[in-house]
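A.B. asks: Please read through the structure below; I'll follow up with questions.
The values are calculated or read from the model by the stated rules, or taken from the named source; none is laboratory data. Model, not experiment: these values are computed from the prediction. In this analysis, Cβ positions are derived from the backbone assuming ideal geometry, glycine residues included, and neighbour counts consider all displayed protein chains. With ligands, DNA and RNA removed, areas are computed over all heavy atoms of the protein, side chains included. Shrake-Rupley method; radii C 1.70, N 1.55, O 1.52, S 1.80 Å.
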Amino acid sequence: EDKVVQSPLSLVVHEGDTVTLNCSYEVTNFRSLLWYKQEKKAPTFLFMLTSSGIEKKSGRLSSILDKKELFSILNITATQTGDSAIYLCAVEESGGSNYKLTFGKGTLLTVNP
Amino acid sequence: DARVTQTPRHKVTEMGQEVTMRCQPILGHNTVFWYRQTMMQGLELLAYFRNRAPLDDSGMPKDRFSAEMPDATLATLKIQPSEPRDSAVYFCASGPRGGMEAEAFFGQGTRLTVV
């Protein structure tokens, strides 16, 4: 059973559109939730969220976490073709001094000109 | 420019052959992850190490996969014997695990094709 579920699995939009990507999770010892962007190669870090209701923002990207409802959203406004990528959500679980990241399957975003 | 280095970048091998993938984590990082990425399953955690000790390898098929960290600068993932269903991109990532830092830094991956 998947611990981290992302939706939609894929999305096609036009430049200038705003998109919202969803990530829900179910883990025992939640510590943080992370968003990554993966273009052709390795995932690159976008945000780390640990507290509910506090928005993280970087340019046209923003993200927020709801620890009560166990989900996070990633918003991209005024999308550009360069935003086309797989967006991955990962949840950090802690166990004592250890931690591990579990990823969702990702959302494939395609932004057409 | 600190980065995670993986070798080889590409590997094509015949079914039944042994495959060894290598990873050099960022200097000073004490947590190393191995992930496998396929179109169907997405990014799956295979194993991870902290301070060179294996903490969780439950995501790894034990009969053919093995992961080790012979020293702090090298992590290896071995498949023996390899099968066509092992074809995927294998990522290594390392993390600092200090304070609130949890982000993992990824290598460029090893694209494995087993024919």
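A.B. asks: Over chain A, what is the relative contact order in whole percent, taking alpha-carbon pairs under 8 Å and six or more residues apart?
C.D. replies: Working: 285 pairs, mean separation 41.8, N = 113.
Relative contact order of chain A: 37 percent.
A.B. asks: So, one more: Can you tell which of B:G107, B:S66, B:P84 lies farthest toward the positive end of the dipole of segment B:8-108, using +1 and -1 charges on the Cβ of basic and acidic side chains (Lys, Arg; Asp, Glu)?
C.D. replies: Going by the charge dipole, the pick is B:G107.
A.B. asks: Using a 10 Å Cβ count of at most 10 others and DSSP loop calls, identify the longest part of chain A lacking such GluC sites (Glu not before Pro). Could you put the intermediate results ahead of the total?
C.D. replies: On the way: sites that count: A:E1, A:E69.
For GluC sites (Glu not before Pro) (loop position, at most 10 other Cβ atoms within 10 Å), the longest site-free span of chain A is A:2-68.
A.B. asks: Taking 7 Å along the Cα-to-C-beta vector as the label spot, tell me the B:R22-B:A72 distance in nanometres, rounded to one decimal.
C.D. replies: With each label point 7 Å from Cα toward Cβ, the separation is 2.0 nm.
A.B. asks: Can you tell me the relative contact order of chain B? Whole percent, Cα pairs under 8 Å, sequence separation 6 or more. Mind dumping the intermediate values first?
C.D. replies: Details: 290 pairs, mean separation 42.3, N = 115.
Rounded, it is 37 percent for chain B.
A.B. asks: Distance in nm between label sites at A:S10 and B:D63, each 7 Å beyond Cα in the beta-carbon direction?
C.D. replies: 3.3
A.B. asks: Using a 1.4 Å probe on the protein chains only, how many percent of the accessible area of chain A belongs to carbon and sulfur?
C.D. replies: The value for chain A is 50 percent carbon and sulfur by accessible area.
A.B. asks: A further question follows. Counting trypsin sites (Lys or Arg not before Pro) as exposed when in a DSSP loop with at most 16 other beta carbons within 10 Å, what is the longest stretch of chain A free of them? Present the calculation step by step, with values, prior to reporting the outcome.
C.D. replies: Numbers: sites that count: A:K3, A:K40, A:K41, A:R60, A:K67, A:K68.
Longest gap between qualifying sites, sites excluded: A:69-113.
A.B. asks: How large is the accessible surface per residue of the protein assembly as shown, computed with a 1.4 Å probe and reported in Å² as a whole number?
C.D. replies: Numbers: 11160 Å² over 228 residues.
Value returned for the protein assembly as shown: 49 Å² of accessible area per residue.
A.B. asks: Here's something else I'd like to know. Taking a probe of 1.4 Å and counting only protein heavy atoms, give the total accessible area buried between chains B and A in Å², rounded to the nearest 100. If you can, show how the numbers build up before the last one.
C.D. replies: Details: alone 6660 and 6480 Å², together 11160 Å².
The contact between A and B buries close to 2000 Å².
A.B. asks: Of all beta bridges DSSP finds with both residues in chain B, what is the antiparallel percent, to the nearest 5?
C.D. replies: Details: 36 of 40 bridges.
Among the beta bridges of chain B, antiparallel pairing accounts for roughly 90 percent.
A.B. asks: I'd like the carbon and sulfur percentage of the solvent accessible area for segment B:1-109, probe radius 1.4 Å, heavy atoms only, ligands and nucleic acids excluded. Write out the running numbers ahead of the final one.
C.D. replies: Working: 2720 of 5390 Å².
Of the solvent-accessible surface of segment B:1-109, carbon and sulfur hold 50 percent.
A.B. asks: Which trypsin sites (Lys or Arg not before Pro) from segment B:37-115 combine a DSSP loop assignment with at most 12 other Cβ atoms within 10 Å? Could you put the intermediate results ahead of the total?
C.D. replies: Numbers: sites: B:R50, B:R52, B:K62, B:R64, B:K78, B:R85, B:R97, B:R111; in loops: B:R52, B:K62, B:R64, B:R97.
Qualifying residues, ordered by number: B:K62.
A.B. asks: Now a separate question. Looking at segment B:1-98, which GluC sites (Glu not before Pro) are in a loop (DSSP not H, G, I, E or B) and have at most 11 other Cβ atoms within 10 Å?
C.D. replies: B:E14, B:E18
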